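Colleague: Handing you a structure now.
Since every read-out is calculated from the coordinates, none of them should be taken as a lab result. Keep in mind that this is a model prediction, so the values were computed, not measured. FYI the Cβ positions are ideal-geometry reconstructions off the backbone, even for glycines, and counts take in every protein chain you see.
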Amino acid sequence: MATYHPENERMKTKYFAFEKEANGKSPQTIENMRKAIIRYEEFTKHDSFKTFNNKKAMEFKAHLLKTKNKHGQPLSASTIAHTLSPLQELFKWLATQGGYKTQIRYPDIEYLNLNENDKHKIQPNTLKEYPSEEQIRKVIASMPTHTDVEKRNRAMIAFVFATGVRDGALIGLKLKHVNTGKKYVVQNPNEVDTKFRKRINTKFFPVGDDIHQIVLDWVEFLRKEKLFADNDPLFPKEELVQDDDRNFKGGKLSHQHWKSAAGVRVIWKQAFEAASMRYFPPHRFRDTLSSIGRKLCSNTEEQMAWAKNLGHESPATTFMVYGGFSPDQQFEVIERLGKKSSKTVSPDIEAIAEAVAKKLRS
């Protein structure tokens, strides 16, 4: 059975170059698009893209609706949407290319949309789980700091807790991007892989001066003891050196950036396991910060600042997409509002009753 189609590969290469150069898509976005397209190719057993039609579109949608994830559950609405949308964009682009214009019809591409019945079949997105402030603090407190690498690992987790920086951007940060005096970090898209290539200015979130101090101490350690310069990585890759037996081992900081965030997630997992905690990846810290912000922000201005600090354009993204709102939280807020309402209404009722009684007496 074929494992790839040569012409498809050629067109994908051309398409991804177009998305990168013309539309400014990030490497991570393009990788997600590639995975979605591969899912379709595997379903069609690597048929030529030219064979796409409305029948294949409907069959592929039906296939996605029947597919189970690694936990044995139906694919979420988000997963299906993030599979179909990149496919639509690919075929719209192919429909403009020589040799494909007469093969791919725009109306057929519309069949990749989910109808209302299909949407109801999709398992609703379950409430996202994320670590609490206390859990994160326990992990950080349990981390050793005997070696340079151990210091780095603890500072890295404290930094993400304080800033919400995505792990893809974390590995590209340099010392110059952190202002320790004013406690903020600049994610420059020309040097850091930010989502949608946005410039993000993040003030340390109010998660505790002790957490901030871990980060500040780390920066000072790199500058004063390791003599790192502005353009050196904020969280450098571990250097592998040969011992007397010619075996490679780590333990020393290099002056190089990580090539991917995979190693960062390994450190996260090991830290959670060492603290006897359930593992949560770095990205879930953003949910934690959104949950904190929902409790602290009391007006639109504060909500906007919190959202901008996470790199979001709208508070709706911060407080609705991140930091899932559980039924318990919902009930707690309603009860609190009920108590607040009774306190504000009761005096008015008493005043009215007194006024009526006074009128009757007169």
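Colleague: In what order do Tyr106, Tyr40, Tyr100 fall by count of nearby beta-carbon atoms within 10 Å, going from fewest to most?
Modeller: Details: Tyr106 9, Tyr40 24, Tyr100 17.
Neighbour counts put them in this order, fewest first: Tyr106, Tyr100, Tyr40.
Colleague: So how far apart, in nm, are the two label points at Asn299 and Leu240 if each is 7 Å from Cα heading toward Cβ?
Modeller: 5.6 nm
Colleague: Please work out the FRET efficiency for the pair Val333 and Trp93, using the Cβ-Cβ distance as r and a Förster radius of 35 Å; give the result to the nearest 0.05.
Modeller: On the way: r = 46 Å, r/R0 = 1.30.
E between Val333 and Trp93, to the nearest 0.05, is 0.15.
Colleague: Next question. Identify which of Asn115, Asn53, Asn190 has the largest mean-square fluctuation in a Gaussian network model of the chain, with springs joining Cα atoms closer than 10 Å.
Modeller: Asn115
Colleague: Work out the FRET efficiency for Asn69 and Lys182 from their Cβ-Cβ distance, taking R0 = 41 Å, and round it to the nearest 0.05.
Modeller: With R0 = 41 Å, the Cβ-Cβ based efficiency is 0.40.
Colleague: Nearest 20 debye, what's the magnitude of the dipole of the range 6-121 about its Cα centre given +1 on Lys and Arg Cβ and -1 on Asp and Glu Cβ?
Modeller: That gives the range 6-121 a dipole magnitude of about 180 debye.
Colleague: Any idea how far apart Ser85 and Leu227 come out in nm if each label point goes 7 Å out from Cα toward Cβ?
Modeller: Those two pseudo-labels are separated by 4.9 nm.
Colleague: Step through the residues of the range 215-226 one at a time and calculate ³J(HN,Hα) from phi using the Karplus curve (6.51 cos²θ - 1.76 cosθ + 1.60, θ = phi - 60°), rounding each to whole Hz and writing x for Gly and Pro.
Modeller: 5, 4, 5, 5, 4, 5, 4, 5, 6, 8, 9, 9
Colleague: Further question: Just to check I understand the Karplus step: with θ = phi - 60° and J = 6.51 cos²θ - 1.76 cosθ + 1.60, what whole-Hz values come out for the range 29-46, glycine and proline as x?
Modeller: 5, 5, 5, 5, 5, 4, 5, 5, 5, 4, 4, 5, 4, 5, 5, 8, 6, 6
Colleague: Relative contact order (percent) for the chain, with alpha-carbon contacts under 8 angstrom and 6 or more residues of separation? If you can, show how the numbers build up before the last one.
Modeller: Details: 406 pairs, mean separation 53.0, N = 362.
For the chain, the relative contact order is 15 percent.
Colleague: Over all distinct Cα pairs, what is the inverse of the mean 1/r for the chain, reported as the Kirkwood hydrodynamic radius in Å?
Modeller: On the way: mean 1/r = 0.0410 Å⁻¹.
Its Kirkwood hydrodynamic radius stands at 24.4 Å.
Colleague: Let me ask something else. Kindly write out, for the range 48-55 in residue order, the coupling ³J(HN,Hα) from the Karplus curve 6.51 cos²θ - 1.76 cosθ + 1.60 (θ = phi - 60°), rounded to whole Hz, with x marking Gly and Pro.
Modeller: After applying 6.51 cos²θ - 1.76 cosθ + 1.60, I find 4, 4, 5, 7, 4, 7, 5, 5 Hz.
Colleague: Please give the Cα centre distance for the range 1-54 versus the range 291-312, rounded to the nearest Å.
Modeller: Distance between centres, Cα-based: 38 Å.
Colleague: Can you tell me the length gained on complete extension of the stretch Ala262 to Met58, counting 0.36 nm per residue apart and subtracting the Cα distance?
Modeller: Numbers: separation 204, 0.36 × 204 = 73.44 nm, distance 3.55 nm.
So the chain would gain 69.9 nm between Ala262 and Met58.
Colleague: Sticking with this one: When the chain is treated as a GNM, springs tying every alpha-carbon pair under 10 Å, which of Leu222, Leu240, Leu337 comes out with the largest mean-square fluctuation?
Modeller: Comparing Leu222, Leu240, Leu337 in the GNM, the peak value goes to Leu337.
Colleague: Quick one: grab the alpha carbon gyration tensor of the range 1-84, order the square roots of its eigenvalues as a ≥ b ≥ c, and give me rounded if a/c is under 1.5, else prolate or oblate depending on whether a/b is larger than b/c. Provide the component values of the computation, followed by the final result.
Modeller: Working: a/c = 1.97, a/b = 1.25, b/c = 1.57.
Oblate is the answer for the range 1-84, as a/c is 1.5 or above yet b/c matches or exceeds a/b.
Colleague: Taking springs between alpha-carbon atoms closer than 10 angstrom, which of Lys224, Lys128, Lys339 fluctuates most in the Gaussian network model of the chain?
Modeller: Lys339
Colleague: Moving on. If the label point is 7 Å along Cα→Cβ of Lys45, which residues in the range 88-108 have backbone nitrogen under 16 Å from it?
Modeller: Once the point is set 7 Å along Cα→Cβ of Lys45, nothing inside the range 88-108 turns out to lie under 16 Å by backbone N.
Colleague: Further, regarding this structure: Mind checking the full-extension length gain between Arg34 and Thr317? Use 0.36 nm per residue of separation minus the Cα-Cα distance, one decimal, nm.
Modeller: Details: separation 283, 0.36 × 283 = 101.88 nm, distance 2.51 nm.
Length gained, Arg34 through Thr317: 99.4 nm.
Colleague: Report, by chain and number, residues whose modeled amide H sits under 5 Å from the one on Leu253, excluding near sequence neighbours (fewer than 5 apart, same chain).
Modeller: Glu239
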